[in-house]
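First up is the structure itself, then whatever we jot down about it.
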Amino acid sequence: MEADNIEQIIAELEIDELFDQEISLKRMIGNDSGRAILQLYIDEFFNNRLAGLNPQHSPILLIGKSSSIHVMARAISNSFGNLLCHTITAKWLNDNVISLHNFLGEGDEFSAYYIDGDKLNSHNQLQLSKILKEKKIFYYDFETQSWRKKTFNRLIILSTSNKDEIPHILLKKFKIQVNLTKLTPIQIELALRQRVALLKLKMSSEDLVSKIAQTCETINQAMQVLVMSLRIMKSRNKETITEAHLNMALHLLNENIKAAGRKPVG
């Protein structure tokens, strides 16, 4: 199998789609204190709404190098009841693929916005700071053929692996800051079992999930192994993932990783 084909298979994480729809702070595994802080904020938000108040969303900053940080962002969005969580990377914003105002102009009142903020340049940091201060974004009015401002009161989640890269003018806008750590091997195994159960996958042995968790350093690696094992199973017209499928998955992924000059799994 060619390396490009393997990359394509890895990219097709269709099993993440269902998981993203189902995940919430209460169902997430790991980072217990961070999830508790975020859940308190969400409970306070809805309690104020039930009391007839008009609570405004506070932007949330996620700090850490955890490979599952995007899952945390989606869990926060789902816990607020948002139907969509729009996602963008700093590179797209820095390269002007789309402006910050246009990105935040997508969706509707049932949308949240997650920005992977690593290496976010100073221009976009300043723009984000102004948006959070004014709670307004620019949009193009085709009737008047001019740029205008409209109120913006939706959830923004920003992540960074290095808090020191965020200037104080922007950092102080985030009243809610949560430090995240990567999952332990036990937590990786629990997270894998959660996905296997959600997707109703059949495994020939309970030990297979444990083997994946013991082999992989991060939940992202573990999910790639699970996805590849599933692909191999389907290609063999089988309904149960076996140890042979798992071993083949590990071999293919490691060969692909070595071809890229990176450290192999396990």
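Quick note: the coordinates plus some simple rules give every number you see, no bench work behind them. These numbers come from a predicted model, not from an experiment. Neighbour counts are summed over all protein chains in view; Cβ atoms, including those assigned to glycine, are modelled from backbone coordinates with ideal geometry.
Using per-residue counts of other Cβ atoms within 10 Å, averaged over each peptide, order 155-163, 125-133, 96-104 from highest down.
Averaged packing, sorted descending, gives the order 155-163, 125-133, 96-104.
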Q) Using θ = phi - 60° and the Karplus form 6.51 cos²θ - 1.76 cosθ + 1.60, what ³J(HN,Hα) does each residue of the stretch 217-231 get, whole Hz, x for Gly and Pro? A) 8, 10, 5, 5, 4, 4, 5, 5, 5, 5, 5, 5, 4, 5, 4
Q) Can you give the net charge of the other residues whose Cβ lies under 15 Å from the Cβ of R193, counting K and R as +1 and D and E as -1? A) +1
**Q.** Phi-based couplings in Hz for the stretch 162-173 (Karplus 6.51, -1.76, 1.60; Gly and Pro marked x)
**A.** 9, 4, 5, 7, 9, x, 4, 4, 8, 4, 5, 6
Q: May I ask which of K65/K163; K135/K182; K91/K172; K133/K182; K91/K149 have a Cα-Cα span longer than 21 Å here?
A: K135/K182; K91/K172; K133/K182; K91/K149
**Q.** Charge tally in the Cβ shell below 11 Å around I169, where Lys, Arg are +1 and Asp, Glu are -1, I169 excluded
**A.** +4
Q.
What does the extension gain come out to for K175 and N54, with contour length at 0.36 nm per residue minus their alpha carbon separation?
A. 41.8 nm
Q: Rounding to the nearest 20 debye, state how big the charge dipole of the stretch 135-266 is about its Cα centre with +1 on each Lys and Arg Cβ and -1 on each Asp and Glu Cβ.
A: 660
Q) From the residues L190, I232, T151, which one has its Cα farthest along the dipole of the stretch 120-266 in the positive direction, the dipole being from +1 and -1 charges on Cβ of Lys/Arg and Asp/Glu about the Cα centre? A) T151
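Around L38, what is the net charge, scoring Lys/Arg as +1 and Asp/Glu as -1 over all other residues with Cβ under 15 Å from its Cβ?
+2
Classify the stretch 31-179 from the C-alpha gyration tensor, please: rounded if a/c falls under 1.5, else prolate or oblate depending on whether a/b exceeds b/c.
oblate
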Q: Return one number: the angle in degrees, 0 to 90 and rounded to the nearest 10, between the long axis of the Cα atoms of helix 69-79 and the longest principal axis of the Cα atoms of the chain.
A: 60
(Q) At 222 nm, what value in deg cm²/dmol follows for the chain if DSSP H runs of at least 4 each add -39500 (n - 2.57) and the sum is divided by all its residues, to the nearest 500? (A) -15000 deg cm²/dmol
Q) In the set (i) 29, 21, 18; (ii) 37, 21, 18; (iii) 46, 20, 15, which value of semi-axes √(5λ) of the Cα gyration tensor in Å was calculated from the structure you see? A) (ii)
